[in-house]
Amino acid sequence: MTAPDAEAKPARIWVTRAEPGASRTAARLRAMGFEPIIAPLLAIENLTPPIPDLAPFAALAFTSINGVAAFAALTRERGPPVFAVGDATARAACDAGFADVRSASGDLHALARLIGSELSDGVVLVPQAETPAGDFDAALTAADARNLSVQPLIVYRARPTTVTAPTIFDAILIHSPRAAKILAEQGVARLSHAVTVCISAAAAAPLVALGLTPAVAQTPDEATLLTILKAALGKRDAAV
């Protein structure tokens, strides 16, 4: 008789995102029956810039959970309306005590379109990373929100880690363009045997430039990312 399939070891998934997000992702992977390997390529360092008077700003815009956490630690002010890039970021803003929160449920361009549809003019304060993932001004221009502008507030930085990367893994999750760039700089050889899954086309771009063909989530959220991961692993196993 053939040995039962239950004896097969769970797929090992390298989680590259920074903490504390890495642990949240790992918990979701365990619930799916996978074996997560937490080895972040980036570490989050919160900064302490002076907080401007929030009264003149039409709203706050958050492009990441990290931005919410870093900004919320700097001020008790929770009055301004908040626009969040996605549902997870919106939940983080609500959990931090902001009452008026709207989610774009998408990417930076979706966020710009949402803001443009809700506000006619004014300046939006954007607590963000030292190296942002995209150009918010350009996104507003593309959304035809000409009377709106953004003022960035650098509240955290994502720096490369010295964590030892795993040598044995079945798949790798990429949550950001910064992580993908770091991985690309390490070369393609270590990735040739694994399924690579990226949260967005921007996150996939540095790896595509190396000749890889990563699976890409259709919408930039972790639920979709993990769905794509499961499908990609299923296709690989079916081909064996």
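Quick notes on this structure:
- Some residue of the range 69-83 being small (G, A, S) and under 19 Å from E222 (Cβ atoms): yes
- Index of the failed condition, T227 passing every other in (1) crowded, with 21+ Cβ neighbours inside 10 Å; (2) closer than 21 Å to A11 by Cβ; (3) among the hydroxyl-bearing types (S, T, Y): (1)
- Flag if S64 is out of contact with any His (no Cβ under 7 Å at 6 or more places or on another chain), surrounded by fewer than 20 Cβ atoms within 10 Å (Cβ to Cβ) and within 25 Å of L225 (Cβ to Cβ): no
- Residues of the range 211-240 that are farther than 25 Å from A27 by Cβ, at pLDDT 90 or above and among the aliphatic types (A, V, I, L, M): L212 alone.
- For the range 81-98, filtered to residues that are surrounded by fewer than 23 Cβ atoms within 10 Å (Cβ to Cβ) and modelled with pLDDT under 95, the residue that is nearest to S64 (Cα to Cα) is A88.
- For G33, the stated conditions hold: it is on the phi > 0 side of the Ramachandran plot and not polar (S, T, N, Q).
- Residues satisfying the stated conditions in the range 119-131, i.e. surrounded by 14 or more Cβ atoms within 10 Å (Cβ to Cβ) and over 20 Å from P52 (Cα atoms): L119
- Candidates T213, T224: the one that is of a type outside the set (G, A, S), within 21 Å of the chain's Cα centre (by Cα) and part of a helix (DSSP H, G or I) is T224.
- When L108, L74 are checked against the criterion of being in contact with a Ser or Thr (Cβ under 7 Å, 6 or more places away or on another chain), surrounded by fewer than 18 Cβ atoms within 10 Å (Cβ to Cβ) and not assigned by TED's automatic domain parsing to the domain that holds Q218, a single residue qualifies: L74.
The values are calculated or read from the model by the stated rules, or taken from the named source; none is laboratory data. Being a predicted model, the structure only gives us computed values, none of them experimental. For neighbour counting, all protein chains shown are included, and Cβ atoms are generated from backbone atoms with ideal geometry for every residue, glycine included.
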